[in-house]
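To start, the structure under review is shown below, and the notes come after it.
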Amino acid sequence: MTETALDWDGVWVGAHLATMVPGEDPYGSLGDAAIAVRGERIAWIGTAAQGARLAASAGVRVHDAAGAWILPGLIDCHTHLVHGGDRVAEFEQRLRGASYEEIARAGGGIQSTVRATREASTQELATSAARRARRLMAEGVTTIEVKSGYGLDRRTERRMLEVARGLERELPVSVRTTYLGLHALPAEYRDDRDAYVAAACGPWLEEIAAAGLADGVDAFCESIAFTIEETRRLFDAARRLGLPVRIHAGQLHDIGAAELAAQYGAQSADHLEYLGEQGARRLAAAGTVAVLLPCAYFTLRQRDPPPVAALRAAGVPIAVATDCNPGTSPCTSLLLALAMSCTLFGLTPEEALRGATVNAARALGVAADRGTLEVGKRADFALYRLGRPAELCYALGANPCIGVVHRGRPRD
Ligand code: DI6
Ligand code: FE
């Protein structure tokens, strides 16, 4: 085979690659390897010696990875990154004994973030979201999913998604947006649920879809939020508009949300602390990814972890995300979420890392392009100073990320 480096824009040598390509080697590992980029894409993967030789003959820029591990750019596939205010006072109330539900009934909880988000200027929302995004990015995150759902009126839902899209223009990161119109019933519709659902699944969604502001839709399908039937209305509307669906399912109770997700071929079903075997089998058959959110489980001091053994047995792809939100997961560390997914839920480090790369890409419908290191895929990758990849799930509060390449370009 003749190989040419003439059209490479750069090559990283002296690296260990964890390609995350499923196969015999754990993590798809390649020791002493090199990876070359052309434009936004991965152009070549081979040995460090070959990479250096080819690059030298063609005068290509060589980056010395100095023994670092290179992984696919991490993907946080479930966040509520855009929101106003915080809920620190509620955190203190909860530690004095108040429950999440009591606080919500007294007008706090999601409703208090809705008020703060409506009151915040677009600039304020953008500034605080960018601050959170930078923290994720510092750990090697290159794609972030961002939901609306704290506006719950036409104007603010739209504004949240515009801010989410704006992040991608301001920062070297990719964003996937999700319209979460069915997150909570806003106070002004307390006596008319039906009117709210009709508006949120009708004209608001249509306007957002027409403006190209949503890559998908989501609903909080739960005893304290929206019913199966209400969620169905959103999913039917999304189907008519050609938008993929995802769902908050089984966070507090099993009301059949996973089965509904499977029926609609959802990209993901998220949380899943309460999921039966039938639900797991249906998710597997539909190819729906189970997104586990251990930081929300931790913050709410939940007792029953998701049924990981049943998910494995059924063959459901598992992803892990931060669920970054002010109420139940004030977390801007995907690495911490990975550590918690191992310690609290019993994932292996390899499963956890697949959950933040290849399976997270699948949950967002971008697996053709991202989530593994393969020739032709987007050159999104992160360099870490590690002995071996499992360390990414082991260390608490460390950040071994020493470099990030997004769309083929090294970040400063
Ligand atoms: N599940 C959650 O954990 C968050 N939303 C959801 O659907 C909670 C959001 C909040 O308390 O602000
Ligand atoms: Fe969430």
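The values are calculated or read from the model by the stated rules, or taken from the named source; none is laboratory data. These figures come from a predicted structure and were not determined experimentally. FYI the Cβ positions are ideal-geometry reconstructions off the backbone, even for glycines, and counts take in every protein chain you see. Remember, those area values only see protein heavy atoms, side chains included, never the ligands or the DNA or RNA. Shrake-Rupley method; radii C 1.70, N 1.55, O 1.52, S 1.80 Å.
Here the range 74-363 yields Rg over Rh of 0.93, to two decimals, using C-alpha coordinates and the Kirkwood radius.
The range 229-274 has equivalent-ellipsoid semi-axes of 19, 10, 7 Å, by the square roots of 5 times the alpha carbon gyration tensor eigenvalues, sorted largest first. Here the accessible area of the chain is 50 percent carbon and sulfur, with a 1.4 angstrom probe and all protein chains present. Using θ = phi - 60° in the Karplus curve 6.51 cos²θ - 1.76 cosθ + 1.60, the 3J(HN,Hα) couplings for the range 350-355 round to 5, 4, 4, 5, 4, x Hz; x is entered for Gly and Pro.
Looking at the range 90-234 alone, DSSP beta bridges between its own residues are antiparallel in about 0 percent of cases. Scaled against 2.2 N^0.38 Å for its residue count N, the alpha carbon radius of gyration of the range 162-247 is 1.13. Summarising the amide proton neighbourhood of residue 369: residues at separation of 5 or more, or on other chains, whose placed amide H is nearer than 5 Å comprise an empty set. For Cα pairs less than 8 Å apart in space and 6+ apart in sequence, what is the mean separation divided by the residue count of the chain, i.e. the relative contact order in percent? Relative CO of the chain lands at 19 percent.
Ranking 269, 214, 302 by Cα position along the charge dipole of the range 74-363, where only Lys, Arg, Asp and Glu carry charges on their C-beta atoms, puts 214 farthest toward the positive end.
Computed from backbone phi with θ = phi - 60° and the Karplus coefficients 6.51, -1.76 and 1.60, the 3J(HN,Hα) list for the range 58-64 is 10, x, 8, 5, 10, 9, 8 Hz; x is used for glycine and proline.
Between the amide H of residue 402 and those of 383, 384, 385, distances stay under 5 Å, these residues lying 5 or more places away or on another chain, with hydrogens modeled in the peptide plane.
Residue by residue, the range 321-332 carries 3J(HN,Hα) couplings of 9, 7, 6, 2, 7, x, x, 10, 7, x, 10, 10 Hz when phi is fed to the Karplus relation 6.51 cos²θ - 1.76 cosθ + 1.60 (θ = phi - 60°); x denotes Gly or Pro. For the range 274-412, the percent of C-alpha pairs falling in each 5 Å distance bin, counted from 0 to the bin holding the largest distance, reads 2, 10, 17, 21, 22, 15, 8, 4, 1, 0.
For the chain, the share of DSSP beta bridges that are antiparallel, to the nearest 5, is 45%.
Return the loop-located trypsin sites (Lys or Arg not before Pro) in the range 1-85 (DSSP other than H, G, I, E, B) with at most 15 other Cβ atoms within 10 Å of their own Cβ; answer none if there are none. Passing both the DSSP loop test and the Cβ count: 61.
List the GluC sites (Glu not before Pro) within the range 22-101 that fall in a DSSP loop (any state other than H, G, I, E or B) and whose Cβ has at most 13 other Cβ atoms within 10 Å. For GluC sites (Glu not before Pro) across the range 22-101 that sit outside H, G, I, E and B with at most 13 neighbouring Cβ atoms in 10 Å, the list reads 24. Would you mind telling me which residue in 167, 386, 353 has the biggest mean-square fluctuation in a Gaussian network model of the chain, where springs connect alpha carbons within a distance under 10 angstrom? Looking only at 167, 386, 353, the largest GNM fluctuation is found for 386.
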